[in-house]
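The values are calculated or read from the model by the stated rules, or taken from the named source; none is laboratory data. No experiment lies behind these values; they were computed from the predicted model shown. We place every Cβ from the backbone using ideal geometry, glycine too, and count neighbours over all the protein chains shown. Ligands, DNA and RNA are excluded from the accessible area calculation, which covers all protein heavy atoms including side chains. Shrake-Rupley method; radii C 1.70, N 1.55, O 1.52, S 1.80 Å.
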Amino acid sequence: MESFLPEPDPQAGSWLPPEEFIATLPRATAYASLYITDEHGQPVLLNSSVYKPDKGQIWQFPGGQMDPGEPPSGAAIRETRQETGLTLKCGRLLAVHFLPPEPTWPANKFGLIFDGGALSPEQLASIHLDPAEHSDWAARPVEDWTDVLNPRSMDRLRQVAAAAASGLTAYIEHGGSDFVDYI
């Protein structure tokens, strides 16, 4: 494959070949999710059967880590299908989410959250969870999630719901935390 970049010139300075330059950059992982609601606009979240921190449960948007070379929209669709059995369309980008390295995840983490649309009662009834990943799903008004979501997850849910309602895209940047978080 031919590169559009010029060949490095050692006499011209410290320009590195792409492979060497990339090795100097910070590490990051990326996830992609779909924000789905019921017909009343209530967010649908999945209860993880994998992560059970000491305090509470982990409720998540359907989605997950992107595979190498996979586009974010493809990852959101693939992960949602694997986790729910539903093949949904990936709508507009609702939010970009950033998390710094922390003890439970020692790399930067970026998330792209897309609009997965409102599901009909029939679609909701046909959700088939992979028990290795999720034990339950629920739809409830945004503020009714405060009793089971940690502060960062609740903030993310509020911002994503607001982005879906407004037509805007949210940028969500969360700092480190003192609680276990598997967003």
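Quick look at the values:
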quantity	calculated
Filtered residues of the stretch 1-21 (kept if at pLDDT below 85 and outside any loop (DSSP other than H, G, I, E, B))	10, 11, 12, 18
Given (1) within 21 Å of residue 159 (Cα to Cα); (2) buried (at least 22 other Cβ atoms within 10 Å of the Cβ), number of the condition residue 75 does not satisfy	(1)
Candidate set: the stretch 18-47, residues that are crowded, with 18+ Cβ neighbours inside 10 Å and of a type in the set (Gly, Ala, Ser); chosen: the one farthest from residue 109 (Cα to Cα)	33
First in the stretch 118-145 and modelled with pLDDT under 95, second anywhere and assigned to a helix (DSSP H, G or I) and open to solvent by less than 60 Å² (accessible area, probe 1.4 Å), Cβ under 7 Å, 6 or more apart	130/83; 133/83; 134/83
Those residues of the stretch 32-57 which are part of a loop (DSSP other than H, G, I, E, B) and modelled with pLDDT of 95 or more, in sequence order	38, 39, 40, 41, 42
